[in-house]
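Please treat every number below as a calculation from the coordinates, not as lab data. Nothing here was measured: the structure is a model prediction, and the numbers come from that model. Heads up, the Cβs are rebuilt from the backbone with ideal geometry, glycines too, and the neighbour counts pull from every protein chain shown.
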Amino acid sequence: MPTVVIATAIAMFAFAANSILARLAMADGAADPIGFTVMRLASGALFLALTLAFRRAPKSPLPGSWPSALALFGYATAFSLAYVRIGAAAGALILFASVQATMIFWSLRNGERPRPLQLAGMLMAFAGILYLFLPGIGRPDPTGSLLMVVSGVAWGVYSLRGRGVADPIGATAGNFIRSVAFCLPLLAIGWSTLHITSTGLASALLSGVVASGLGYVIWYRALPSLDATVAAIVQLTVPIIASAGAIVLLGEQSTLRFALASVLVLCGVAVTIMARRRR
């Protein structure tokens, strides 16, 4: 059990690091969004391809699928574009809330009817997001926030498509490898404005290889040992870790508005998840 706890903690810190690394690269102009996205996906694909090579026969078919790879690409691209405009803390919260909202909406669309406790949790989380975007000091940039919502929806779709996959590590590797194909037209579109410094390149490589590739491998190794509710609840720590890292490493200022919105969103999602699992 201690090994599972350590692995889970490492995975959560890795996921939170994606937000910090992206904001670090984009805030100071160390990388443009397209360059960061391409290097992140390409380096992650290379790392996961090597991982896959050690686990599968050379002639076995590539796992994953093109629709999932497209969702992964959409998530990563909107993620980078968003962090040009908003801070790491707000971005992580909006991303997490959007992912959960997408998955909950899908459940409702497929006939699941919320119980009173689930409904209360969803309303609490919605109130937190609404409060975060009310006009006034501390409100995140609307365009950046919308891009992060798109990123969260894309990641939610990717997660839904991955439910019940027999080999999640293999599928993740296959999807990362396929996503590189979508990077080619993106490079063609943004070639004239492509810009990445050594700091931006280092951030993209760390995001692709460590925070994404290695993080997903560790998470999927730990996941079978975790109860479904625990696995869902523990992911609530990602926005909190990202917020703390943004304050300490990036010098972002924490506001009362953001703190209250975070409490409402995270508590609301936790209540909704627990109510769904009990059902």
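Averaged over all directions, how much area does the convex hull of the C-alpha atoms of the stretch 219-279 cover when projected, in nm²?
Mean orientational projected area (the stretch 219-279, Cα hull): 5.0 nm².
Assuming a viscosity of 0.890 mPa s and a temperature of 25 °C, what translational diffusion coefficient in µm² per second does Stokes-Einstein assign to the stretch 1-143, Rh being the Kirkwood radius over Cα pairs?
So the translational diffusion coefficient is about 135 µm²/s.
Divide the volume of the convex hull of the Cα atoms of the stretch 1-82 by its number of residues and quote the answer in cubic angstrom per residue.
Cα convex hull per residue, to the nearest whole number: 123 Å³.
Would you mind computing the Rg to Rh ratio of the chain from its alpha-carbon coordinates, Kirkwood style for Rh?
0.96
Would you mind ranking ARG40, ARG115 by Cβ crowding within 10 Å, fewest neighbours first?
Starting with the residue having the fewest Cβ neighbours, the order is ARG115, ARG40.
Can you give the direction-averaged projected area of the convex hull of the alpha-carbon atoms in the stretch 151-236, in nm²?
7.1
Multiply the residue separation of ALA181 and LEU249 by 0.36 nm, subtract the distance between their alpha-carbon atoms, and state the gained length in nm to one decimal.
On the way: separation 68, 0.36 × 68 = 24.48 nm, distance 3.36 nm.
Length difference between fully extended and current span is 21.1 nm.
Would you look at the GNM of the chain, springs on alpha carbons closer than 10 Å, and say which of ALA31, ALA127, ALA45 moves the most?
Looking only at ALA31, ALA127, ALA45, the biggest GNM fluctuation is shown by ALA127.
Determine, for each peptide in 85-96, 154-165, the mean count of other beta carbons within 10 angstrom over its residues, then list the peptides with the highest first.
85-96, 154-165
Which of the chymotrypsin sites (Phe, Trp or Tyr not before Pro) found in the stretch 32-95 are in a DSSP loop and have at most 15 neighbouring Cβ atoms, other than their own, within 10 Å?
Those satisfying the criteria are PHE54.
Between VAL263 and LEU146, what is 0.36 nm times their sequence separation minus the Cα-Cα distance? Round to one decimal in nm.
Details: separation 117, 0.36 × 117 = 42.12 nm, distance 2.09 nm.
Full extension from VAL263 to LEU146 adds 40.0 nm.
Figure the gain on full extension for ALA53 and ALA120 (residue separation times 0.36 nm, minus the Cα-Cα span) and round it to one decimal in nm.
Full-extension gain reported as 19.5 nm.
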